[in-house]
1. If R₀ is 30 angstrom, what is the calculated FRET efficiency for the pair residue 88 and residue 60, using the beta carbon separation as r and rounding to 0.05?
2. State, to one decimal in nm, how far the label point of residue 424 lies from the label point of residue 266, with both points 7 Å from Cα in the Cβ direction.
3. For the range 98-185, build the convex hull from the C-alpha positions and give me its volume per residue in Å³.
4. May I ask what percent, to the nearest 5, of DSSP beta bridges between residues of the range 189-435 are antiparallel?
5. Just how far, in whole angstrom, is the range 103-159 from the range 30-87 if you go by their alpha carbon centroids?
6. Report the extension gain between residue 187 and residue 104 in nm, rounded to one decimal, defined as 0.36 nm multiplied by the number of residues separating them, less their alpha carbon distance.
7. Taking 8 Å as the Cα distance limit and 6 or more residues as the minimum spacing, I'd like the relative contact order of the chain as a percentage.
8. Starting with the highest mean, order 332-338, 256-262 by the number of other Cβ atoms within 10 Å, averaged over the residues of each peptide.
């Protein structure tokens, strides 16, 4: 299997508009003309007026940061400035692990409630239980804190202590625990056996995605004999994207050859093409990929490659349609610049910017009555200031972004399982590899 670990070093994961990102030191541009420098002098004059005469003294660093973000926001929805803290948070998120305790929490009646503990983490070893309420962190009450602020307080450098005060149903007195933070891995891939089918859900594309995927495939092959295994369901629903190199490696794991994706920038010499090498880890077993309106960016790269090369049948609803690449340009201690520098193209040469991946088999996921009208994403094409795609339409039609919590209620998953088992048939399954569509 050919690996390209140096291709992408950092990335960003931000909801349904997640970035496929490349790390770069930047490149010099042509010198600005005289009128541009005149405009910059106007900015300087305005800044000085605000600094000197605004009704209350403004924070000068906040003014500059807001001005930078205003400039970048005028380009597209995905270009932005990250201050030092934001840049560090992004690096932590894409690394797929952080220093913490190992608990999943929610806010309930102004207190932090433990939803679950992660096995073999500091919190689990210290005796924290699901249903516990955290009332204080290091002696300070959590009342009045936002959930994200409480979570931030619990995270920190590994090997550092934190004191939690808990209340627990059936226990009369508060429980004080001192816990030592450790490295907490964030799952990138989850898998299970659906009788005779391997089910793999890729949650996000972090540095851990490829090794986690390969471990999941190996585990499935160990649990189900090859002659009994009908195939695989790869679930990319609600996957917001992430690292470009991980998307390429994931697609490579299912392919023997062919172009996975190309990126094309402002200048023709910036075009890059990334190809798969020999080594389909699934041994050519039939595959169905699930997508919906929450499948964006890196997940669309994988779905588009497997669709164009006729390696898998895509099932579900239209994906988000984010087809741009962001370069992360470090600014030293001042943070980093996230700048859109290219669009990516599937093997057939299509850009999905503003259009998304259309499934081979369209299957909608019915929404519960209490969620109807609430979980529909309208996609990249509805974002203000987005880069208009070459094939973009303005129909504004949305695609649901919902996955039922129970497999028995999952219409899309069960449709895929029926196809793999031969209970249902469709002209698109299995796909014919001889009809692969690639750019000339």
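1. Details: r = 22 Å, r/R0 = 0.75.
Using R0 = 30 Å, I get an efficiency of 0.85.
2. So the two model labels end up 4.7 nm from each other.
3. Numbers: hull volume 7.4 nm³, N = 88.
Hull volume normalised by residue count: 84 Å³.
4. On the way: 25 of 41 bridges.
Antiparallel bridges: around 60 percent, rounded to the nearest 5.
5. The range 30-87 and the range 103-159 have Cα centres separated by 38 Å.
6. Numbers: separation 83, 0.36 × 83 = 29.88 nm, distance 1.25 nm.
Taking residue 187 through residue 104 to full extension adds about 28.6 nm, to one decimal.
7. Numbers: 982 pairs, mean separation 73.4, N = 440.
Relative contact order here is 17 percent.
8. Details: 332-338: 16.7, 256-262: 19.6.
Result, highest mean first: 256-262, 332-338.
FYI, it's all coordinate maths here, none of it is from the lab. Predicted model, so just to flag it, every value in this text is computed and none were measured. Virtual Cβ from ideal backbone geometry, glycine too; neighbours counted across all protein chains shown.
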